[in-house]
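Taking it in order: structure first as structure tokens, then the write-up.
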Amino acid sequence: MKYLVFLALGLLVSVQAKADDNLDGVWKTEGYGFLFHIEGNRVSIFETSGVSCLQSVLSPDSMTYQSGDEYVASFSVAVPGFIEADMRVTAPDNGIRYFSRSDTGSKMKAERLNELPALCDQPVDRSVEATTIAFLSIFEQNYPFFEEKKISWDEEAILKGASAVQTSAELHDLFVNELLKLRDPHTVLVAPSAERYFFGAEHVERVPAYNGFEQVGSVIEDHYLTGGVSSYCDNQFQFADIKSGILYLRLASFTSCEGYETALDGLFKKLQASDKLIIDLRSNIGGSDQMALQLLSRLTKDDYIAYSKQAAVDFAATGEWTAPEPIMVEAFGENSYGGDIVVLTDAGTMSAAETFLMGLKGRTPKVTQVGEATVGAFSDILPRILPNGFLLGLPNERYVDGSCKSFDMTGLKPDIAVTLNLEKLLAGQDNQLDAVLEILN
């Protein structure tokens, strides 16, 4: 009898657990404006603003359910030419779900809605006016840096300007005129029908002194390296001996590529013979935070929090952020590197390169940053589609340290400031690298 009661209770608990893991329904994210509508293996994604609910530019594939893993389900998502990743779903025992893209460190908290909002079933108004209103609403809700940049858009003037445009190209130009005021490298606007493209990274306020990092790289190869260069991932990941006992690692970006793990294995095999490492992040344009975290895990003997992430919540109205979500660095193992690290940065170091550096600064022993301040653009790019088909991207997050301080706008400032001397560089001398070698020696 006791056995039967125990069995019945076990079955009841099993059924309840299965019900708790159920993903069917509509899930509304906090701070990201996504709705995930799940029906078995079928996933639809909607993007919401104060005035619109549109089928997302982030295109999902079918859901695959897991068992006994760290997440309960996953599905691939893509924006052709921009994003290719997996969306992983976790289901803790509290009715909340978390949606995490495999190329970012973001965990989007989501709560279940009773049904899809009626706005999502309405015919889409693709007019210039509706598109302009949606553009403004998306920035009001998600862009958190107007006040820090001391910029205020004149919405009435923008709407008046929109009423006079005749073509998609003219509307794109109107929006770009406003985006240029932000000088934000994480803003994007693509008008496919007009073949117009705007990338904020091409319009930043500060730029490096040299004309392309190749100019610096050739000086380093010709005058500093003592052996052959190991190159991976289309030369975005390179390392070589720079002096007896010192290894030089150049990271051009954190763009996903095949062979990255192989590159890390090769690097850390070399590091076994060294206790001094130079990491050159100058002109690193960023990429995947997950790739940065993979490298961070090889550079520590202990687990620690790299940083915490927050997303803006209806920011113009509330000025509020989501609760800080800690992002961990988990030590790779006994072969992880625990020696000295000096990092080179400049006005071209941005995005995932900055989150990587921010993570390094939490490491023990302490890392020394040399050179110039980084750009100050940390957030992932939030993808959005406008009613007329324009593709929009904007930042909606901040990365904070243990004291809840963010470094957006200011960038991460060096421990030892050294401005690149272009005249010396043209003569074959990298004075910033010389300063690093002096510190390590």
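Key figures for this structure:
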{"quantity": "Simple spin-label estimate for residue 257 and residue 194 in nanometres, 7 Å along Cα-Cβ", "calculated": "3.5 nm"}
{"quantity": "Bins of 10 Å, starting at 0 and running to the largest distance - Cα pair percent for segment 173-228", "calculated": "20, 31, 21, 18, 10, 1"}
{"quantity": "Residue 206 - accessible surface, heavy atoms, 1.4 Å probe, Å² rounded to 10", "calculated": "100 Å²"}
{"quantity": "Value at 222 nm in deg cm²/dmol, rounded to 500, when DSSP H runs of n ≥ 4 in the chain each add -39,500 (n - 2.57)", "calculated": "-8000 deg cm²/dmol"}
{"quantity": "Amide H contacts of residue 421 (H built 1.01 Å from N, under 5 Å, at least 5 apart or other chain)", "calculated": "431, 432"}
{"quantity": "Accessible area expressed per residue, segment 266-409, with surrounding protein chains retained (probe 1.4 Å, Å²)", "calculated": "33 Å²"}
{"quantity": "With DNA, RNA and ligands ignored, accessible area of residue 37 (1.4 Å probe; Å², nearest 10)", "calculated": "40 Å²"}
{"quantity": "Residue 222 - accessible surface, heavy atoms, 1.4 Å probe, Å² rounded to 10", "calculated": "120 Å²"}
{"quantity": "Computed Kirkwood radius, in angstrom, where 1/r is averaged over Cα pairs of segment 258-403", "calculated": "16.6 Å"}
{"quantity": "Dipole of the chain, positive end: most advanced residue of 73, 44, 131 [Cβ charges, Cα centre]", "calculated": "73"}
{"quantity": "Qualifying GluC sites (Glu not before Pro) in segment 186-216, DSSP loop, other Cβ atoms within 10 Å at most 11", "calculated": "195, 205"}
{"quantity": "Spacing of the two label points (7 Å from each Cα toward its C-beta) at residue 155 and residue 96, in nm", "calculated": "3.0 nm"}
{"quantity": "Which of 404, 257, 233 is most accessible, then next, and so on - probe 1.4 Å", "calculated": "404, 257, 233"}
{"quantity": "Using θ = phi - 60° and Karplus 6.51 cos²θ - 1.76 cosθ + 1.60, couplings along segment 53-67 (whole Hz; Gly, Pro as x)", "calculated": "9, 10, 4, 5, 5, 7, 8, x, 9, 5, 6, 10, 8, 10, 9"}
{"quantity": "Residue-normalised accessible area of segment 72-184, given per residue in Å² at a 1.4 Å probe", "calculated": "52 Å²"}
{"quantity": "The chain: DSSP helices with Cα axial extent of at least 24 Å and average Kyte-Doolittle hydropathy no lower than 1.6", "calculated": "none"}
{"quantity": "The chain - charge dipole about Cα centre, Lys and Arg +1 at Cβ, Asp and Glu -1, debye rounded to 20", "calculated": "640 debye"}
{"quantity": "Compactness relative to 2.2 N^0.38 Å, alpha carbon Rg of segment 25-179", "calculated": "1.20"}
{"quantity": "Long-range amide H partners of residue 369 with built H, under 5 Å", "calculated": "343, 415, 416"}
{"quantity": "Contour excess over end-to-end distance, with Cα ends at residue 439 and residue 215 and 0.36 nm allotted per residue", "calculated": "78.3 nm"}
{"quantity": "Stokes-Einstein diffusion coefficient of the chain, Kirkwood radius over Cα pairs, 25 °C, 0.890 mPa s, in µm²/s", "calculated": "103 µm²/s"}
{"quantity": "For residue 85, residues with placed amide H under 5 Å, excluding near neighbours", "calculated": "77"}
{"quantity": "The chain, accessible surface, carbon-and-sulfur percent (1.4 angstrom probe)", "calculated": "49 percent"}
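The values are calculated or read from the model by the stated rules, or taken from the named source; none is laboratory data. Please read all numbers here as calculations on a predicted model, not as lab measurements. FYI the Cβ positions are ideal-geometry reconstructions off the backbone, even for glycines, and counts take in every protein chain you see. Quick note on the areas: whole protein, heavy atoms, side chains included, nothing else; ligands and nucleic acids left out. Shrake-Rupley method; radii C 1.70, N 1.55, O 1.52, S 1.80 Å.
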